[in-house]
Amino acid sequence: MAEKSKELDGLKKSAILLVLLGPERASKILKKLDEEEVEQLTLEIANLEKIDEKTKKTVMDEFGEYIKAKDYINTGGVEYARNLLEKTFGPEKAIDIIDRLVSNLQVKPFEFLRKVDVSQMVNVLQNEHPQTVALILCYLPPQAASQVISELPESLQLDVIKRISTMDSANPDIVKEIESRLKDRLSAFTVQTFSQVGGIDITAEIMNNIDRAVSNNIFEKLSERDPKLSDEIRRRMFVFEDIVKLDDRSIQRILREVDSKDLTMALKGSSEEVKNVIFKNMSKRASQIIKEELDFMGPVRVRDVDEAQQRIINVIRKLEESGEIIIAGGGAGEELIE
């Protein structure tokens, strides 16, 4: 019996969509879900009967509407998305799409800040309480948050980093109040969703993206005020010198992805220990070429070395995210068993 579109619930629609997307794309989606969701969807897929063409079209059309609406939201906010969708589908359909999208995909608070110029944001935030600044930055991408922190007054930088590290949840009423106030000053849309924010890992990710000089200054002051917290943040970070902690197979995998010019520039500012580890995992010919380039390179800007090292760190992070290498942290759960 064919699936009737009017009888489809969210779970069944999701199962049908995964089937229509095909195994490769479906598997990428399932990897991002928790075990219970995967189990429910797998069972639903197994129980699917024949899907008629009308049902296929209904599910794919709805999926297309979601994608279009989400793109509009990311471009200009909820009101912008609603206006465009009204022109395309009419007011009633537009409201329905937006309501379902906001409910299902949970657009985060402070999303409008992603489109605000950093300098403008800094001008506003530098007059806010450090706890308020910390809360707001937890909702921004780490790279954007690091830019803001880098431009804040030094006295505020330290307070904000410490508060992000010790923050574990956000009160919905407080988030709503802060977001509403900022919206009046900076942007025009607000959608609420409240979840756990902050923590050491977020701080480490932000600090990984901050300029080295700013980062060193923050750590120097933080070490004086709270050495335990400073050490914990450093432990969660991965810096270029940490390559010596990786196993040979991981280093060899990284070297296959790294641009040789970046590697040479990065090694210009590294310790002999790092150079030895890198050269050990390269062919004799390749290592000799880089050694010769280093000998003839001459003085280089610290900024160029930092940028080359950061690009290599980005490669390492991507390989870790894909599961091709493992960066062992300090927790018991990160220990490896051969």
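May I ask you to evaluate 6.51 cos²θ - 1.76 cosθ + 1.60, the Karplus curve with θ = phi - 60°, for each residue of segment 11-19 and list the ³J(HN,Hα) values in order in whole Hz, giving x for glycine and proline?
5, 5, 4, 5, 5, 5, 4, 4, 5
Applying 1/(1 + (r/R0)^6) with R0 = 35 Å to the Cβ-Cβ distance of Glu307 and Lys87, what FRET efficiency is obtained, to the nearest 0.05? All intermediate terms of the calculation are to be shown ahead of the outcome.
Details: r = 44 Å, r/R0 = 1.25.
In this case the efficiency is close to 0.20.
If you count only protein heavy atoms and use a 1.4 Å probe, how large is the accessible surface of Asp306, to the nearest 10 Å²?
40
Give me the one-decimal nm value for the distance between modelled label points at Gln252 and Lys56, 7 Å along each residue's Cα-to-Cβ direction.
If labels sit at Gln252 and Lys56, their model points lie 4.6 nm apart.
For Lys291 and Ala213, compute 0.36 nm times the residue count separating them, minus their Cα-Cα distance, and round to one decimal in nm. Working shown, then result.
On the way: separation 78, 0.36 × 78 = 28.08 nm, distance 2.76 nm.
So the chain would gain 25.3 nm between Lys291 and Ala213.
Work the Kirkwood hydrodynamic radius out for segment 238-329: mean of 1/r over every pair of different alpha-carbon atoms, inverted, in Å.
On the way: mean 1/r = 0.0751 Å⁻¹.
In segment 238-329 this quantity evaluates to 13.3 Å.
Taking 0.36 nm per residue of sequence separation and subtracting the Cα-Cα distance, how much length would be gained by fully extending the chain between Leu21 and Ser283, in nm to one decimal? Walk me through the numbers on the way to the answer.
Details: separation 262, 0.36 × 262 = 94.32 nm, distance 4.29 nm.
Separation in residues times 0.36 nm, less the Cα-Cα distance, equals 90.0 nm.
Of Lys12, Lys291, which has the most accessible area with a 1.4 Å probe, and how do the rest follow in descending order?
Per-residue accessible area, sorted high to low, gives Lys291, Lys12.
Over segment 109-189, give the accessible area per residue in Å² for a 1.4 Å probe, as an integer.
Dividing the accessible area of segment 109-189 by its residue count gives 45 Å².
Starting from the residue with the highest accessible area, list Ile29, Ile325 in decreasing order, probe 1.4 Å.
Descending order: Ile29, Ile325.
What distance in nm separates the two pseudo spin-label positions at Ser155 and Glu220, each 7 Å out from Cα along the beta-carbon direction?
About 1.9 nm separates the two model spin labels.
I'd like the FRET efficiency for Ile45 and Gln120, computed as 1/(1 + (r/R0)^6) with the beta carbon distance as r and R0 of 51 Å, rounded to 0.05. Show your work: numbers first, answer last.
Working: r = 48 Å, r/R0 = 0.93.
The value I calculate is 0.60.
Students often get this wrong, so check it: of Lys28/Lys268; Lys162/Lys275; Lys32/Lys68; Lys50/Lys87, which have C-alpha atoms separated by over 29 Å? Can you show the working numbers first?
Numbers: Lys28/Lys268 39 Å; Lys162/Lys275 34 Å; Lys32/Lys68 21 Å; Lys50/Lys87 35 Å.
Where the Cα-Cα span goes over 29 Å, the pairs concerned are Lys28/Lys268; Lys162/Lys275; Lys50/Lys87.
Ignoring ligands and nucleic acids, what accessible area does Arg311 show with a 1.4 Å probe (Å², nearest 10)?
Taking all protein chains as shown, Arg311 has close to 110 Å².
The values are calculated or read from the model by the stated rules, or taken from the named source; none is laboratory data. Because the structure is a prediction, the values reported are computed rather than measured. Every residue, glycine among them, receives a Cβ derived from its backbone with ideal geometry; neighbour counts consider all protein chains shown. Note: accessible area is taken over every heavy atom of the protein model, side chains too, but ligands, DNA and RNA are not part of it. Shrake-Rupley method; radii C 1.70, N 1.55, O 1.52, S 1.80 Å.
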